[in-house]
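Here is the structure we will look at.
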Amino acid sequence: MTINTKATKRVLIVDDQPHVLDVLREILVSFQHGHTYEITTARYVADALVILQRERFDLILLDTVMPGIGRQGLDLLTRVRDLGVNAPVLMMSGDWESRKEADALIEGAFGYLHKPFDLRELDRLVALAIGSGPRATGG
């Protein structure tokens, strides 16, 4: 009997661009963090909220610029926390606006990633975030 000692970490990626979802899925699966990643994706805020109401994740990657809500990703981050989801959230953006980055961190994001992704930084932040969370109990 073989026992799989690799833990599975569940990651939700929320981005309205299908290409970004595909690239991030490939990158995360390639990481050698001592566990496997089970990836769930959502292109729309409403879909992400439905998924978060019924499933638990170890990490959430969230685009800051999403159609359909006021401050886009920041509003979704607030809604995620209002749902009681305590998984670390990495915000992502193609913008290099320091104000957006500061707002994301103030709102409770674990970190901030710039597009195009620096693979070493993405690797480092994902490993740190997974190591830090989830902070919620139960399961």
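The values are calculated or read from the model by the stated rules, or taken from the named source; none is laboratory data. What you see is a predicted model, and the numbers here were worked out from it, not measured in a lab. Here the Cβ positions follow ideal geometry from the backbone for every residue, glycine too, while neighbour counts run over all protein chains shown. All accessible areas refer to the heavy atoms of the entire protein, side chains included, with ligands and DNA or RNA removed. Shrake-Rupley method; radii C 1.70, N 1.55, O 1.52, S 1.80 Å.
Quick rundown of the values:
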read-out	value
Distance histogram for the range 4-118 (every C-alpha pair counted, 5 angstrom bins, percent rounded to whole numbers)	2, 12, 24, 25, 20, 12, 4, 1, 0
Taking the chain and dividing mean pair separation by its residue count, relative contact order in percent (alpha carbons under 8 Å, at least six apart)	23
Whether the range 56-106 is rounded, prolate or oblate, judged on the alpha carbon gyration tensor where a/c under 1.5 counts as rounded	prolate
Listed peptides 10-23, 95-108 by packing density, highest first (mean Cβ within 10 Å)	10-23, 95-108
Surface per residue (accessible, 1.4 Å probe) for the chain, Å²	53
Carbon plus sulfur fraction of accessible area for the chain, probe 1.4 Å, in percent	52
Diffusion coefficient, µm² s⁻¹, Stokes-Einstein with Kirkwood Rh over alpha-carbon pairs of the range 1-54 at 37 °C and 0.692 mPa s	265
Cβ crowding within 10 Å averaged over residues, with 73-82, 25-34 ranked highest first	73-82, 25-34
Spatially proximal lysines relative to residue 100 (Cα-Cα < 27 Å; intrachain offsets below 8 disregarded)	115
